[in-house]
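The values are calculated or read from the model by the stated rules, or taken from the named source; none is laboratory data. Keep in mind that what you see is a predicted model, and the values were worked out from it rather than measured. For neighbour counting, all protein chains shown are included, and Cβ atoms are generated from backbone atoms with ideal geometry for every residue, glycine included.
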């Protein structure tokens, strides 16, 4: 759906990625450019718009069809782009390889072809797009070290959906950040089927199960379903094991959560400890990375969700958390965690290179233990705290503010 909108609809951080890609493509050939992110993040559209802005000869090819998942395909498409480069003069040309992670061994052949062009002085810029970030990253680090730069595109933010579709906060909370689903919100059952069948199932079957070794695929699906139901809640691995069939062990669950997070679906957020050392087995806070993943399976309408304080409060907390996590992936300088000690809890903790900030979301959801902001400051005196909601930063402003800006490190 992004094709229907001009560049003016792109918010600050996504527009900056467009500008950065254009800048890099206009420079002398130095690195392979990698655009990574979940489905419907806008990778293909951003790449196409950047190609138009660069006004360079280019060749686009996608491995999204199963018949093309073979190494000779990469070489064939590369040769087409090479011919364009040879006839284009010193500015060269651009090759875009979309859904490249679907080709087994893609990174090795890309490395060989890139190094060959380096030796021969062929000016071919290469842009790699992938909707399975974990697999893309694995291929980059294993074969292409020192040859690539990454631009990450997370789920669409509130400002993007507001600018493109005129949504208010309530609509964004409920329908989330999938632009392709936006035209369907007038028919909620159809919208929910699109989210679950076209997006969730496609991501699970084509980006996770097909491209990773999964010994217990039914368990991974159950984990995602339970995680979406419990989004915003701190759930121990032992409790998860008790609620899942054939659950295996905590190591398996932690690995599956990593895969789901890399696919842009479900995160097992780690607990803040004051140290940068993370424990894989620590109690996670489950968080869907797009609120549509919480609401679509619920069977509720927007009106029904809004009238349920418990459900709506959990949705607000999820929206703030997913926004912080998604925006933090852009710059890579902010770590998002949660904190809990005894009966005290802080919903989200942002840590940058110099600053730590605790964020409490006042959502109207009935809460058991009292707020943990005071206890957090006592435990970490150099940290700062803030409140989102009544008496603090408005929810709309919170959803417009990238994670780095909360720490004032992006200015």
## Note on the structure
Given (1) in contact (Cβ under 8 Å) with a residue 40 or more places away in the chain; (2) within 17 Å of residue 315 (Cβ to Cβ); (3) loosely packed, with under 14 Cβ neighbours inside 10 Å, residue 168 misses just (1)
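Could we say that residue 330 is within 19 Å of the chain's Cα centre (by Cα) and at pLDDT 95 or above here? Step through it out loud before you land on a result.
Working: within 19 Å of the chain's Cα centre (by Cα): yes; at pLDDT 95 or above: no.
Criteria not met by residue 330.
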### Message
Of the conditions (1) buried (at least 20 other Cβ atoms within 10 Å of the Cβ); (2) outside any helix (DSSP H, G or I), residue 110 satisfies every one except a single condition; which number is it?
### Response
(2)
#### Entry: Hits in segment 182-199 - residues which are farther than 11 Å from residue 295 by Cα, in contact with a helix residue (DSSP H, G or I) (Cβ under 6 Å, 6 or more places away or on another chain) and in a helix (DSSP H, G or I)
182, 184, 190, 194
### Search result, residues across segment 341-362 that are under 22 Å from residue 391 (Cβ atoms) and touching a strand residue (DSSP E or B) at 6+ places or on another chain (Cβ under 6 Å)
346, 347, 348, 349, 350, 357, 358, 359, 360, 361, 362
### Query
So, in segment 378-393, of the ones that are touching a helix residue (DSSP H, G or I) at 6+ places or on another chain (Cβ under 7 Å) and assigned to a strand (DSSP E or B), which residue ends up farthest from residue 344 (Cα to Cα)?
389
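Just to be sure I understand, how many residues within segment 142-178 are under 30 Å from residue 363 (Cα atoms), in a loop (DSSP other than H, G, I, E, B) and more than 16 Å from the chain's Cα centre (by Cα)? Before you say what the answer is, go through the steps one by one.
Within segment 142-178, the subset under 30 Å from residue 363 (Cα atoms) is 152-178.
Add one more test, that the residue is in a loop (DSSP other than H, G, I, E, B), and what stays is 153-157, 166-168, 176-178.
Those still in the list that are more than 16 Å from the chain's Cα centre (by Cα) too: 166-168.
Qualifying residue count, segment 142-178: 3.
Would you confirm, using the coordinates I've provided, whether residue 128 is at pLDDT 90 or above, outside the structural domain of residue 260 (by TED's automatic domain parsing) and within 19 Å of the chain's Cα centre (by Cα)? Give the derivation first.
Details: at pLDDT 90 or above: yes; outside the structural domain of residue 260 (by TED's automatic domain parsing): yes; within 19 Å of the chain's Cα centre (by Cα): yes.
Yes.
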### Query
Limited to segment 318-336, what total is found for residues that are more than 16 Å from residue 401 (Cβ to Cβ) and surrounded by fewer than 24 Cβ atoms within 10 Å (Cβ to Cβ)?
2
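Could you say whether any residue in segment 226-233 is more than 26 Å from residue 36 (Cα to Cα) and outside any helix (DSSP H, G or I)? Reasoning before the result, please.
So in segment 226-233, the residues more than 26 Å from residue 36 (Cα to Cα) come out as 226, 229-230, 233.
Now narrow it down to the ones that are outside any helix (DSSP H, G or I): 230, 233.
Looking through segment 226-233, at least one residue is more than 26 Å from residue 36 (Cα to Cα) and outside any helix (DSSP H, G or I).
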### Query
Just wondering, is there one or more residues in segment 26-33 that are within 26 Å of the chain's Cα centre (by Cα), buried (at least 19 other Cβ atoms within 10 Å of the Cβ) and at pLDDT 90 or above?
yes
### Query
Condition test on residue 400, is it at pLDDT 90 or above and within 21 Å of residue 353 (Cα to Cα)?
no
### Query
In segment 79-105, what residues are over 20 Å from residue 21 (Cβ atoms) and either in contact with a strand residue (DSSP E or B) (Cβ under 8 Å, 6 or more places away or on another chain) or not assigned by TED's automatic domain parsing to the domain that holds residue 22 (or both)?
80, 82
### Task
Give just the number: which of (1) touching a helix residue (DSSP H, G or I) at 6+ places or on another chain (Cβ under 8 Å); (2) within 18 Å of residue 175 (Cα to Cα); (3) in contact (Cβ under 8 Å) with a residue 12 or more places away in the chain does residue 226 not satisfy?
(2)
### Query
Residues of segment 58-95 being part of a loop (DSSP other than H, G, I, E, B), at pLDDT 90 or above and more than 18 Å from residue 114 (Cβ to Cβ), which ones?
none
